[in-house]
Amino acid sequence: MDGGMAAAAAPGEISFSRPAEDTLLVRLAGDWTIKEELPSVEEVKKQADSRPPVQRLAFDTQDLGRWDSGLITFLIKVFDQFSQSQIDTNREGLPDGVRRLLDLAAAVPEKKDARKEALREPFLVQVGKASMDIARHMGALVTFLGESTIAFGKFFVGKAKFRRSDLWLTIQQCGVDALPIVTLISFLVGLILAFVGAVQLAMFGAQIYIANLVGIAMAREMGALMTGIIMAGRTGAAFAAQIGTMQVNEEVDALITMGVSPMEFLVLPRMFALIVMMPLLCLYADLVGILGGLVVGAGMFDISFTQYMEQTRASLNLTHFGLGVFKSAVFGVLVAVAGCLRGMECGRSASAVGDAATSAVVTSIVLIVVTDGIFAVVTNIIGI
Amino acid sequence: MNNKEPHITVHDLTMAYGDFVLMRDLNFTVNRGDVFIVMGGSGCGKSTLMKIMVGLKSPATGKVLYEDTSFWETSPEEQEQLMRNFGILYQSGALWSSMTLEENVALPLEQYTDLSPSQVREVVSLKLSLVGLAGFEEFYPSEISGGMRKRAGLARAMALDPEILFFDEPSAGLDPISARLLDDLILELTASLGATVVVVTHELASIFAIGNNSIFLDVDKRTMTASGDPKKLLAESEDPTVRRFLTRGEEKEQAR
C-alpha cells in the first residue's frame, strides 16, 4: 500500500472548497489511520453550516495516503450528520475499498432490541430482586441438601452408583495430599500461639503454662479452624472447579442422559471423602501444633521436653479433642456442600468456573467462621 | 426404510429461556429408521430442541412423544427407562475427562447390563474398533485429537445399542475429510443397528449426505418454516429463507 514515495507518514488533513455554490467538496489528504490524531467531524459540520447553504457533499481523495478503520468511522459520523439534515452525499470520490466497507457496515441494520440497556432500577426494585435471588439460592441449597441426603441414604444401603476408584482417589486428594500444607500451617500456628503467650506468661514466671495455652487452643479451636480454612481453599475450590468444568464440557449432561445421577456419581464421593478425612486431618493438625509450641517452649524458655509434654497431657482431656474433631467434621460438611453446590450451579463459560471456585471458597470460609462462633457460644452455655 | 411408523412425535412445542421465547409451535414426526435433520442458522435453538427431546431441559409448553409415551408428563422412572434407549453424541464429545476411553465406553454397560468385566472389555473394544479407535483404550480424552474425541463419543453413544441416536453438530470443528468419514460412519452404523437418528446441524454437506427427513427452524420467525427430505426442499421449497440456507446464500445474490 505504501511504496517508496509515500514512506514518510503525513498526518491526516482535511480541507474544503466550493466548486459550485451549493456543493461542499471535502478534500482528504495524508494518512488516515487510527494511530494518528485525525481531524474532528466538527470541522465538516462547521463548513456545512456556513453560507451559502450546502445541498451536496462530495469527496476528493487523490492525495489520500494510507487509511484504515479510522477513516471509515470518521465517514460514518459525517454521513450520520448529513442524513439528519437532508443533504445529498456523493460517495463517488471515495476509494473503492472505503465504499465497500461502508456498504458492508450498513448491510445489516442495527437490531433495535438487541442492545443491552443499562437502565437504573429504582432502589425498591433492586431490593426486591436481590431478595428473590436469595430466596432462589436458598431453594437451590435446600434441594441440594435433600438430594445429597438421598444420595447418602443410597450409599449406606449400597445402591449408589459411583466408581470406587473415584472415591479412593478423592480420599487421597483430600487426605494424604493435604498433609504438607496442613503440617506447615499448624506448626506455625502452634509456634505463634506459643510466642504470643510466652511473652505475657514470662512476666509472671509462668512459662510452663505455654503448654496449656497451646494444647487447649489447638485441640478446641485452631486445629479444626485451620484445617477447615485450608481445605476450603484447597479442596472446596477444586471441587467447584472440577464439577464446574464438567458442566461446561457437557460431561454432567452426558451423565444425566445416561441415567447416572451426578449427585451420586460426582458429589457423593467428594462429600464422603472430605467428611471422613477432615477429622483425621484435624487430629493431625492438633498434634503438629502442639509440637510447634514445644519447639518454642523447649528451645527458648527452658522447659524440658518431658515437662512440656506432661503439662500438655495434664491440661487436655478427651472433651477438648472430641469438640475439635466434631467441629472439623461439621466444617467438612460445609466445605463439601459449598464446593459441590457451586460446581453444580456453575454456568457454561470459563469465567463461570472461576466464579464458582471463588464463590465456593468465600461461602465455605464464611460458613466455617460463623459456625465456629455459634459453637463457641453454645459450648460456653452448656459448660464444656 | 419402508415402514413409516412414528417413533418420535413433537407436538405444539414451545421452548423458552425465562420470558424469552426461542421457538414456538413446533410440530413434527420422526419415523422409525429415519435420519432426521434439525437445521437452521446459528442461535436458532437447534441444540435447545435436542436438549428438550433428550430430557435435559423441560419445554415451556407442548409434548414430546416417544411412541405413545409423553416424556415430560410421565413418571421419573419411565423417563429414565426412555433415556436408556437414547444414545447421545454431544457437540464437544463430552467424554468424562477423568476416565480413559475404555472406562468411558464401559460405564453405561456397567450401569445397565450384568455383563462380567471381561465381557464388558470385549464389547468396549468392539465399539472402539467400529469407530476406528482400536488400541486407544488406555488413552484419556485430553490425549487424543478433536476428531478422535468425537468418534470416541460416538462409540460411547452406541455402547448400549440404543434405539434412538441424537447427534449435536457431529461434524463441527472437523476438517472436511474427517467430517465426511464421520458422516459415513453414522450412516453405516445406524443402518446396521436399525436405529432412528436425529441430527442437529447446519453443515450443508452433511445434511444432503445423510438426511432423509428434516425440519428448518427460522430464527426470525421463531418457528419451523419447512419440513421434508432436504434434497426435495432444495428442489421445491418456495420459502426464501430456506432456499438461502440450502444454497449457502447464493440465491440471494441472484435475486439482487
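The values are calculated or read from the model by the stated rules, or taken from the named source; none is laboratory data. Please read these numbers as outputs of a predicted model, since none were measured by experiment. Cβ atoms come from the backbone with ideal geometry, glycine included; neighbour counts cover every protein chain shown. For accessibility, only protein heavy atoms count, side chains too; no ligands or nucleic acids. Shrake-Rupley method; radii C 1.70, N 1.55, O 1.52, S 1.80 Å.
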(request) Go over the candidates B:Ala159, B:Ala94, B:Ala106, B:Ala134 one by one and state the one that is small (Gly, Ala, Ser) and under 17 Å from B:Thr190 (Cα atoms). (result) B:Ala159
(request) Specify the residue that is surrounded by the fewest Cβ atoms within 10 Å (Cβ to Cβ); the eligible residues are those in segment B:124-160 that are within 14 Å of chain A (Cβ to nearest Cβ) and farther than 18 Å from B:Phe86 by Cβ. (result) B:Ser142
(message) For segment A:200-299, give me every one of the helices (runs of 4 or more DSSP H) that falls completely inside it and has 2 or more residues that are more than 27 Å from the chain's Cα centre (by Cα) and away from every other protein chain (no Cβ under 14 Å).
(response) A:210-216
(request) Have a look at B:Gly55, B:Gly93, B:Gly33 and point out the one that is open to solvent by 10 Å² or more (accessible area, probe 1.4 Å) and in contact with a helix residue (DSSP H, G or I) (Cβ under 8 Å, 6 or more places away or on another chain). (result) B:Gly55
(request) Could you please find all residues in segment B:238-256 being outside any helix (DSSP H, G or I) and either open to solvent by 40 Å² or more (accessible area, probe 1.4 Å) or at pLDDT below 85 (or both)? (result) B:Glu238, B:Arg248, B:Gly249, B:Arg256
(message) Consider segment B:54-107. How many of its residues are over 18 Å from the mean Cα position of the chain (by Cα), facing chain A (nearest Cβ under 10 Å) and of a type outside the set (S, T, N, Q)?
(response) 5
(request) Mind counting the residues in segment B:43-53 that are on the phi < 0 side of the Ramachandran plot and away from chain A (no Cβ under 14 Å)? (result) 3
(message) Looking only at residues that are hydroxyl-bearing (Ser, Thr, Tyr) and either surrounded by 12 or more Cβ atoms within 10 Å (Cβ to Cβ) or more than 30 Å from the chain's Cα centre (by Cα) (or both) in segment A:147-174, which one is nearest to A:Thr227 (Cα to Cα)?
(response) A:Thr170
(request) Specify the residue that is nearest to B:Ile37 (Cα to Cα); the eligible residues are those in segment B:228-237 that are in contact with a helix residue (DSSP H, G or I) (Cβ under 7 Å, 6 or more places away or on another chain) and open to solvent by less than 80 Å² (accessible area, probe 1.4 Å). (result) B:Pro230
(request) Please tell me if A:Asp177 is among the charged types (D, E, K, R), open to solvent by less than 70 Å² (accessible area, probe 1.4 Å), away from every other protein chain (no Cβ under 12 Å) and part of a helix (DSSP H, G or I). (result) yes
(request) Name every residue in segment A:353-377 that is surrounded by 15 or more Cβ atoms within 10 Å (Cβ to Cβ) and hydroxyl-bearing (Ser, Thr, Tyr), in order of residue number. (result) A:Ser359, A:Thr363, A:Ser364, A:Thr371
(message) Filter segment A:140-169 down to the residues that are within 14 Å of another protein chain (Cβ to nearest Cβ) and assigned to a loop (DSSP other than H, G, I, E, B) and list them by number.
(response) A:Lys159, A:Ala160, A:Lys161, A:Phe162, A:Arg163
(request) Within segment A:321-352, track down each residue that is outside any helix (DSSP H, G or I) and open to solvent by 40 Å² or more (accessible area, probe 1.4 Å). (result) A:Arg348, A:Ser349
(request) Considering only segment B:56-72, state which residues are of a type in the set (Asp, Glu) and touching a residue at least 24 places away in the same chain (Cβ under 8 Å). (result) B:Glu67
(request) Take B:Asp114 and decide whether it is acidic (Asp, Glu), more than 9 Å from chain A (Cβ to nearest Cβ) and within 20 Å of A:Gly259 (Cβ to Cβ). (result) yes
